[in-house]
Amino acid sequence: MPTPPLADVPSPEVIEIERALTRATQLIGRARLHERLMAPTGLPLDRAAVTVLRQIADSEPLRPGELADRLAVEASHVTRQVQQLQKSGYVIRVPDRDDRRAQRVELTPKGRRAVDRVQEARCRGMATAMAGWSHGELQNFAALVHRLADDFVTRGEAGEGEARARAVPSA
């Protein structure tokens with residue numbers, strides 16, 4: 001089934017915001033930046049491991065499938081990461097209280113300390129990058145980024161429902 005056309009042409013401002021966010025995301029996601037930010041922590045964690053640990057920290061404990069859904073990756077990727085993190089002592093598997101056959105993944109104290117150190121290093125990196133920004137600019141930017149994220153969640157969920165409705169043939 002062909003993708004329906006977009007209803008409106010985005011404004012030049014929206015186009016510029018998308019370009020800026022794409023550029024910022026690419027810069028933040030660079031392996032060299034990750035390595036530079038991680039060096040002072042002394043933690044041997046790659047970007048994928050950090051992403052998994054931070055997601056667990058923000059919403060633990062999670063089933064591996066839930067974790068994969070939240071990260072929008074294949075379950076097998078999460079399974080491998082969780083196994084590595086478990087071997088290294090950053091996470092443990094615990095029985096699911098609602099379904100004893102299932103397991104959830106949660107941080108160990110070592111995992112919590114690692115997440116805290118990573119967040120501290122990343123915040124230092126951001127503070128360095130935005131050293132010339134005023135207090136007001138930082139507050140406004142934080143508020144706008146939170147608003148954008150909230151709107152993506154709110155409108156994204158509504159958009160998913162609309163897309164599903166369009167995909168279902170009418171009787």
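Answer yes or no as to whether R147 is part of a helix (DSSP H, G or I), touching a Ser or Thr at 6+ places or on another chain (Cβ under 6 Å), open to solvent by 70 Å² or more (accessible area, probe 1.4 Å) and of a type in the set (D, E, K, R).
no
Given (1) exposed (fewer than 10 other Cβ atoms within 10 Å of the Cβ); (2) touching a residue at least 12 places away in the same chain (Cβ under 8 Å), where does A121 come up short, assuming only one miss?
With respect to (1) exposed (fewer than 10 other Cβ atoms within 10 Å of the Cβ); (2) touching a residue at least 12 places away in the same chain (Cβ under 8 Å), A121 is out only on (1).
Given the conditions (1) open to solvent by 100 Å² or more (accessible area, probe 1.4 Å); (2) without any contact (Cβ under 8 Å) to a residue 60 or more places away in the chain; (3) more than 18 Å from S59 (Cβ to Cβ), report the number of the one that G136 does not fulfil.
It is condition (1) that G136 fails.
Filter the range 97-111 down to the residues that are among the β-branched types (V, I, T) and buried (at least 16 other Cβ atoms within 10 Å of the Cβ) and list them by number.
Result: V105, single match.
Could you check the range 1-80 for helices (runs of 4 or more DSSP H) lying wholly inside it with 2 or more residues that are touching a residue at least 12 places away in the same chain (Cβ under 8 Å) and crowded, with 16+ Cβ neighbours inside 10 Å?
31-38, 47-59, 64-71
The values are calculated or read from the model by the stated rules, or taken from the named source; none is laboratory data. Everything numeric here is computed off the predicted structure, so don't read it as measured data. Ideal geometry is used to build each Cβ from the backbone, glycine not excepted, and the neighbour counts take in all protein chains shown. Remember, those area values only see protein heavy atoms, side chains included, never the ligands or the DNA or RNA. Shrake-Rupley method; radii C 1.70, N 1.55, O 1.52, S 1.80 Å.
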